[in-house]
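The values are calculated or read from the model by the stated rules, or taken from the named source; none is laboratory data. Given the structure is predicted, the values throughout are model-derived calculations rather than measurements. Here the Cβ positions follow ideal geometry from the backbone for every residue, glycine too, while neighbour counts run over all protein chains shown. Ligands, DNA and RNA are excluded from the accessible area calculation, which covers all protein heavy atoms including side chains. Shrake-Rupley method; radii C 1.70, N 1.55, O 1.52, S 1.80 Å.
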Amino acid sequence: MRFSVLPLLLVLFVTSLPACSGPTLEDETGRWTERVLEPAPPMRDIMDAFEWSMVNAGFALGERDDSRHTLTSAWDLQLQPFRNKGRRWQGILRVEKNAEGETIVKSRVIQEKNVTQDDTLDSGEADWERMEDDMIRSRILLQHLVSQLHLAG
Amino acid sequence: MAQSWSFRKRDATCSDCNRSYQEGEEVYSLLRLVEEELQRVDACRSCFDQRDASQDVVYWRTSHSEKRGTMKMDFDLLLAAMEGMAKDEREDRRDLCYLLALLLVRHRKLRLERVEMRGNKEYLILRKIRSQNRFPVESRELEPERRQKLTGILAELMDPTAEGDLDSALGKEETA
């Protein structure tokens, strides 16, 4: 029986496209804090401001994705000797256009707790479980961003 | 007073009476709000004493020198001005207080501890470095024009003789 492998390859190629464009956008579903930027500075300036804001808010820099206009911090780790008390946070800053064509900047802080029962002070043994996003820290992050962007003009 | 004040440069004359300063003479630099407009004035002692003090935001004293190229405001003075305005209920003061708070947070003179929602308003809870006292400053949504005007004046306040932007002015301040 003869069949062509071309359709199969095509399907495989199409399904692998999202993986090529970077990590999945799981952060889209989180709780964001946002603010309209008017007038909006150049994108490069905004991305640079993201980096300063992230550092000033206490996060180590992680991945800067200029194509998605997103900066993701490294995990800010706070291990504790008791189960469920250890925490880690990751900040995300993003700039995009809303439906009205305005430029908006958004912040989000993902929060997770360490649920491992064993060595709670060993980050290698940690077992992280997602919690509610940290809205307070997200607002603080956005205020740091505002301090960078509003005072630069 | 100060009808034709230039934000770009401090003149060698009083903003009010236009009298030329003598070498070493006391000069009072004043930031004031007049009908929501932030103004900066450099006045001689006589004109300073006759001012309407209710419009003051902050003032500081210096001495005139022909040789000195720049006159800068230090962060402690800004901090004192902001603390005073933090208790002021007037809308224009709150706007300026918020921007000053952001400026001081940006330059790590204030620590932004957390934010609190009180009703539908957001407050920054701030703490001075090496202090345990915390105080709130309301987060404001400023119109772009007003924000740009206020931040422009703040930039000049940091270094009124500089022709550069806020970043360059603040860079000089920190390295001074």
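Just a few scattered comments:
- Simple spin-label estimate for A:Asp48 and B:Glu91 gives 3.5 nm between the two label positions (7 Å along the Cα-to-Cβ direction from each Cα).
- Within the shell of other residues whose beta carbon sits under 14 angstrom from the beta carbon of B:Ser131, the net charge comes to +4, with Lys and Arg scored +1 and Asp and Glu -1.
- Sorting A:138-146, A:73-81, B:29-37 by average packing, meaning the other beta carbons within 10 Å per residue, from highest down gives A:138-146, B:29-37, A:73-81.
- Computed FRET value (nearest 0.05) for B:Arg146 with A:Asp66, which takes r as the C-beta separation and R₀ as 35 Å: 0.65
- A:Ile92 exposes around 10 Å² of accessible area when a 1.4 Å probe is run over every protein chain in place.
- Between A:Val55 and B:Arg127, the simple label model (points 7 Å from Cα in the Cβ direction) yields a spacing of 2.3 nm.
- ³J(HN,Hα), Karplus 6.51/-1.76/1.60, whole Hz, each residue of the stretch B:46-62, x for Gly, Pro: 4, 5, 4, 5, 9, 6, 8, 5, 5, 8, 4, 9, 7, 9, 8, 10, 9
- Local net charge near B:Glu36, Cβ-Cβ under 9 Å (Lys/Arg +1, Asp/Glu -1): -4
- Sequence of A:Phe50, B:Phe135 from largest to smallest accessible area, 1.4 Å probe: B:Phe135, A:Phe50
- Averaged over A:140-151, number of beta-carbon atoms from partner chains that fall within 10 Å: 6
- Interface between chains B and A: roughly 1900 Å² of accessible area buried, both sides summed (probe 1.4 Å, protein heavy atoms only).
- Between A:Lys85 and B:Val34, the C-beta separation translates, for a Förster distance of 56 Å, into a calculated FRET efficiency of about 0.55.
- Counting Cβ atoms of other protein chains within 10 Å of each residue's Cβ and taking the mean over peptide B:134-143 gives 1.
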